[in-house]
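> Okay, here's the structure, questions in a sec.
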Amino acid sequence: MAGLEALTDRLVAGGVEFVVVGGMAAVAHGSSALTRDIDVCISLSRDNLLRLHAALDDVRPVHRMTPARVPFVAPAAEHQGFENPYLQTDWGQVDCLGSIEGVGRYEDALRA
C-alpha cells in the first residue's frame, strides 16, 4: 500500500484535480479491506491531464487495458475523449475515472 500512498502524494503535489474513491477511500474511512490499486475520479480537462502526466511521468505509466500497454504520454488530441485512463505505473495501478455511476463527474464527486 506504500506505493499507492506515494502515488496519491504525487497527485496532490502535482496539483491534479481528483477525489479518492473505491477501496482506498474505504480504507481512509476505517475499512480493513485490502486494495491493490487506487481509484480516483478526476477532471478530464486538458490541463488536468497534463498535470496527471507530469505527476506520474517518471514512474512509467502505461494504459493497462490496452493489449500493447500503450504509454501514457503528455496529453494531446488523442487523449481527449478518454473517459477512464486505467494506468499501471512502477509503483502500482491508478484507475482514473471520468465519472462514477450514481455520483456523476469529478465536480459532482468533489461536492459529495
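The values are calculated or read from the model by the stated rules, or taken from the named source; none is laboratory data. In this text, all values refer to a predicted model and were calculated from it rather than measured experimentally. In this analysis, Cβ positions are derived from the backbone assuming ideal geometry, glycine residues included, and neighbour counts consider all displayed protein chains.
> Just the residues that are modelled with pLDDT under 90, under 20 Å from Gly3 (Cβ atoms) and not hydrophobic (A, V, I, L, M, F, W, C), please, taken from region 40-85.
His63, Arg64, Arg69, Pro71, Pro85
> If I filter region 57-74 down to residues being among the hydrophobic types (A, V, I, L, M, F, W, C) and within 13 Å of Tyr86 (Cβ to Cβ), which single residue comes out as surrounded by the most Cβ atoms within 10 Å (Cβ to Cβ)?
The selected residue is Phe72.
> Right, here's the next one. Among the residues of region 89-112, write down those that are under 16 Å from Met65 (Cα atoms) and surrounded by 17 or more Cβ atoms within 10 Å (Cβ to Cβ).
Thr89, Gly92, Gln93, Val94, Asp95, Cys96, Leu97
> Can you tell me which residue within region 1-39, out of those that are modelled with pLDDT of 85 or more and assigned to a loop (DSSP other than H, G, I, E, B), is nearest to Ala109 (Cα to Cα)?
Glu17
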